[in-house]
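The values are calculated or read from the model by the stated rules, or taken from the named source; none is laboratory data. None of the values given here were measured: they were computed from a predicted structure. Methodologically, a virtual Cβ is constructed for each residue, glycine included, from the backbone with ideal geometry; neighbour enumeration extends over all protein chains shown.
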Amino acid sequence: MTTASVRPSTGKNTGSGNIPDLKLSVFHCFNALPDLSVLDIPGCELSSINLPCSSILREVVLLKAFESGADAVVVLVCPEGSCDYQQGNLRAKKRVERVQKLLKEIGIGNDRLRIHNLSRQDIDTAEKIIRQTLADLKKTGQNPAPQPVGSEKR
Amino acid sequence: MIVGEQKPLGEIKTNVSPYHRLLILGCGTCVKTCFAGGEDEVATLASALRLAFKQEGRIMQITEQTIERQCEDEFIREAAPQVARCDAVLSLACGAGVQMVASRFPGVPVLPGVNTTFLGVLEKQGLFTEKCLGCGSCFVHQFAGVCPLSRCAKKLLNGPCGGSRNGKCEVDPETDCAWQLIIDRAKAAGSLDRLVDYIPPKDWRTSYAGGPRKVFREDYVI
């Protein structure tokens with residue numbers, strides 16, 4: 001799993017008034033999409049996380065993104081029936097659904113986590129999805145539990 | 001294996017709420033296999049609880065650890081240093097594991113995070129079904145290898161009841177009729193005639209009715 005932060009957090013507001021950067025984590029299968037660092041989206045701190053297959057995505061990874069301050073998480077996977085590893089995108093969908101249920105129960109809101117199937121290398125659609133997510137986020141607001149919290153693991 | 005389900009997040013959150021330093025202790029055997037209390041479930045629950053408390057402006061210090069088995073003291077001892085640093089343990093083991101951990105650490109509250117459900121098998125990915133009541137006196141050979149106590153809703157020893165439809169139970173149409181399975185297997189094995197033998201009522205003294213049970217293997221005690 002590799003991560004590329006497209007617009008590192010400056011801790012400052014962007015040029016768009018007093019609205020701080022919205023933090024968006026995008027997990028995507030690298031078979032589905034190239035590196036999303038080519039995108040230039042103002043007002044957004046975008047983390048692009050490349051996965052060898054979306055099946056590697058675990059529930060805890062999605063939750064940790066929110067723990068780390070993400071305002072929304074988007075998972076982009078191959079169309080159903082065209083996963084190189086047969087069912088990776090279906091497994092990812094099930095896991096996203098489980099985490100959505102948890103987020104709803106926690107009170108953060110299940111709409112902050114989304115999954116989309118898109119054609120391979122369709123970066124235009126990926127950009128539209130990201131822009132739409134950001135537009136929706138402006139209505140729902142920032143992650144109400146944004147600060148990273150320490151965890152000790154044995 | 002022992003099959004369990006993780007308790008709802010809300011119930012767990014309420015139970016751990018009085019504490020500030022929590023150890024979530026997973027078990028790497030049965031409950032790991034049924035996705036209720038292994039390493040992945042410990043990590044997911046820890047993250048979800050941290051977020052949930054953060055929502056309320058509270059910091060819950062959560063430590064995560066998964067040991068091989070919570071029903072054996074030699075594995076539980078591995079958790080002692082972590083337990084010493086926490087003010088409560090949330091055990092994701094079966095009820096046996098929870099009690100074993102509580103017994104090892106008398107001064108520490110040990111809370112259950114899993115509802116222990118039954119003794120069963122992995123039927124297919126994500127589907128676990130009950131196969132054994134642990135009655136203490138197995139007699140499945142008299143039923144062509146299918147236990148009517150755990151698999152027939154009416155626990156009939158001299159079935160079928162007559163309510164079966166298309167091989168399914170009238171109590172739950174999603175469940176196979178145990179007596180249909182018994183008859184089908186007996187036919188296939190050429191032992192259908194053995195099913196005409198009357199089976200007397202079960203002697204439940206070997207089960208829960210006889211109080212807490214023990215297995216003492218003197219030949220293994222040193």
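Summed over region A:52-77, the residues that are among the hydrophobic types (A, V, I, L, M, F, W, C), under 12 Å from the mean Cα position of the chain (by Cα) and outside any loop (DSSP other than H, G, I, E, B) give a count of 11. Filtered by the rule that a residue be basic (K, R) and in a helix (DSSP H, G or I), region B:77-131 gives B:R77, B:R104.
Among the residues of region B:196-212, those that are farther than 16 Å from B:K155 by Cβ and either among the charged types (D, E, K, R) or surrounded by 13 or more Cβ atoms within 10 Å (Cβ to Cβ) (or both) comprise B:D197, B:R205. For region B:63-88, a residue qualifies if it is of a type outside the set (A, V, I, L, M), surrounded by fewer than 22 Cβ atoms within 10 Å (Cβ to Cβ) and more than 10 Å from chain A (Cβ to nearest Cβ), and the qualifying residues are B:E68, B:R69, B:C71, B:E72, B:D73, B:E74, B:F75, B:R77, B:D87. When B:A96, B:A46 are checked against the criterion of being at pLDDT 95 or above and within 13 Å of chain A (Cβ to nearest Cβ), B:A46 stands alone in meeting it.
Filtering region B:158-172 for residues that are in a loop (DSSP other than H, G, I, E, B), among the acidic types (D, E) and not assigned by TED's automatic domain parsing to the domain that holds B:L192 leaves an empty set.
Residues are listed down the side, and each one gets a yes or a no for (1) surrounded by fewer than 22 Cβ atoms within 10 Å (Cβ to Cβ); (2) under 16 Å from B:A88 (Cα atoms); (3) touching a Ser or Thr at 6+ places or on another chain (Cβ under 9 Å); (4) within 9 Å of another protein chain (Cβ to nearest Cβ):
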site: B:I2; (1), (2), (3), (4): no, no, yes, no
site: B:L23; (1), (2), (3), (4): no, yes, yes, no
site: B:C34; (1), (2), (3), (4): no, no, yes, no
site: B:Q55; (1), (2), (3), (4): yes, no, no, yes
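For the condition among the β-branched types (V, I, T) and under 25 Å from B:G136 (Cβ atoms), B:I183 does not qualify.
Within the option set A:D71, A:D122, A:D84, being among the acidic types (D, E) and surrounded by fewer than 15 Cβ atoms within 10 Å (Cβ to Cβ) holds for one residue only, A:D84. If we keep just the residues of region B:8-21 that are within 13 Å of chain A (Cβ to nearest Cβ) and either among the aliphatic types (A, V, I, L, M) or touching a Gly at 6+ places or on another chain (Cβ under 6 Å) (or both), which is surrounded by the most Cβ atoms within 10 Å (Cβ to Cβ)? Across region B:8-21, the extreme among qualifying residues is B:I12. Annotation for region A:104-111: at least one member residue is within 16 Å of the chain's Cα centre (by Cα), within 15 Å of B:S47 (Cα to Cα) and not in a helix (DSSP H, G or I).
Residue-wise test of (1) out of contact with any Phe, Trp or Tyr (no Cβ under 9 Å at 6 or more places or on another chain); (2) away from every other protein chain (no Cβ under 13 Å); (3) within 30 Å of B:Q82 (Cα to Cα).
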| site | (1), (2), (3) |
| --- | --- |
| A:L57 | no, no, yes |
| A:V74 | no, yes, no |
| A:G81 | yes, yes, no |
| A:R98 | yes, no, yes |
| A:R112 | no, no, no |
| A:N117 | yes, yes, no |
| A:I129 | yes, yes, no |
| A:L134 | yes, yes, no |
| A:T140 | yes, yes, no |
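Annotation: B:M60 fulfils all but one of (1) buried (at least 19 other Cβ atoms within 10 Å of the Cβ); (2) touching a Gly at 6+ places or on another chain (Cβ under 9 Å); (3) at the interface with another protein chain (Cβ under 9 Å from one of its Cβ atoms); the unmet one is (2).
If you take the residues in region A:40-65 that are in contact with a Lys or Arg (Cβ under 7 Å, 6 or more places away or on another chain) and not charged (D, E, K, R), which one is farthest from A:L22 (Cα to Cα)? Restricting to residues being in contact with a Lys or Arg (Cβ under 7 Å, 6 or more places away or on another chain) and not charged (D, E, K, R), the top hit is A:S55.
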